[in-house]
Amino acid sequence: MIEKKVALVTGAGSGIGKATALAFLADGFGVVLAGRHREGLDEVARSVGDAQALVHEVDVTDPAQVRALFEATRNKFGRLDVLFNNAGVGTPFGVNLEDLSFEQWRAVIDTNLTGAFLCTQQAFRLMKEQDPRGGRINNNGSISAHVPRANSAPYTASKHGMTGLTKSTSLDGRKYDIACGQID
């Protein structure tokens, strides 16, 4: 029997990630608040005054940091029931495709898509070994995958990739009782 369900939210220091983390906490979940900016994560944790929040500063583009995030999750809570892949970035508004730097392209793809892959991979490893096994992975996609905006090539490409990652994860997770879905 599970004493407390556990959710891990990337990009939990602001916006959708913050709102999602607060909703999980209000619903009685233990929550891992993950993100690059410690001050935002600490603010979320302070706002609930709840020892059921684990703050973990992480760059989701770094495989070693992602492994450490999931190890800290296992050490604190012993399991993971929900992963919300929410961390994301865009490029500066109005930059033409031909003027994008390689670094700008990579920053978006690495954060929005590779980061979600790295977290999904670690979630699989934890979820398939826990008792009861399985869990849920939710990916933050975007309507941009269906209706792109001008000057948004890296973001749009990353969100198209997120849709593919979601569909593949959904198929691959079935044998481990891991479900995967996406919000746009």
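Structural remarks
- Pair Lys175, Ala51: separation of 7 Å Cα→Cβ label points (nm): 4.1
- Trypsin sites (Lys or Arg not before Pro) within segment 130-184: DSSP coil, no more than 16 neighbouring Cβ in 10 Å: Arg133, Arg149
- Average projected area [Cα convex hull, segment 144-184], square nanometres: 2.8
- When the C-alpha to C-alpha distance is required to be over 26 Å, the pairs from Lys4/Lys159; Lys5/Lys159; Lys18/Lys175; Lys76/Lys128; Lys5/Lys175 that qualify are Lys4/Lys159; Lys5/Lys159; Lys18/Lys175.
- Rolling a 1.4 Å probe over the heavy atoms of the protein chains gives the chain an accessible area of 50 Å² per residue.
- Extension gain for the segment Asp184 to Thr163, taken as residue separation times 0.36 nm less the Cα-Cα distance, is 6.6 nm to one decimal.
- Cα-projected label distance for Val147 with Lys4, points at 7 Å along beta-carbon direction, nm: 4.2
- Span from the segment 130-176 Cα centroid across to the segment 1-54 one, whole angstrom: 21
- The chain: angle of helix 63-77 to the longest principal axis, Cα-based, in degrees nearest 10: 30
- Loop-resident sites, segment 38-139, for chymotrypsin sites (Phe, Trp or Tyr not before Pro), counting at most 13 other Cβ within 10 Å (DSSP): Phe93
- Here the extension length gained between Ala26 and Asp62 equals 9.9 nm, from 0.36 nm per residue of separation less the Cα-Cα distance.
- Overall dimensions of segment 1-128 as given by Cα atoms, namely Rg and Dmax in Å: 15.2, 55
- Once all protein chains are placed together, Tyr155 keeps about 50 Å² accessible to a 1.4 angstrom probe.
- For the chain, the share of accessible area belonging to carbon and sulfur comes to 52 percent (1.4 Å probe, ligands and nucleic acids excluded).
- Dipole check for the chain: with +1 at the C-beta of Lys and Arg, -1 at the C-beta of Asp and Glu, and the Cα centre as origin, the magnitude is about 540 Debye.
- Here the relative contact order of segment 27-86, from alpha carbon pairs under 8 Å that lie six or more residues apart, stands at 30 percent.
- Residues in segment 60-97 reached by a label modelled at Ile16 [backbone nitrogen below 16 Å; 7 Å Cα→Cβ]: 83-91
- A DSSP coil position with no more than 14 other Cβ atoms inside 10 Å describes the following GluC sites (Glu not before Pro) in segment 81-143: Glu129.
- In order along segment 146-155, the phi-based Karplus estimate (6.51 cos²θ - 1.76 cosθ + 1.60, θ = phi - 60°) of 3J(HN,Hα) comes to 10, 9, x, 9, 4, 6, 9, 3, x, 5 Hz; Gly and Pro are listed as x.
- Within the chain, helix-based [θ] at 222 nm, where runs of 4 or more DSSP H residues each add -39,500 (n - 2.57), nearest 500: -14000 deg cm²/dmol
- Angstrom value of the Kirkwood radius, inverse mean 1/r, which spans all Cα pairs in segment 53-167: 15.1
The values are calculated or read from the model by the stated rules, or taken from the named source; none is laboratory data. On a predicted model such as this, the values are computed, not experimentally measured, just so you know. Heads up, the Cβs are rebuilt from the backbone with ideal geometry, glycines too, and the neighbour counts pull from every protein chain shown. Ligands, DNA and RNA are stripped out before the accessible areas are found, and what is left, the full protein with its side chains, is counted by its heavy atoms. Shrake-Rupley method; radii C 1.70, N 1.55, O 1.52, S 1.80 Å.
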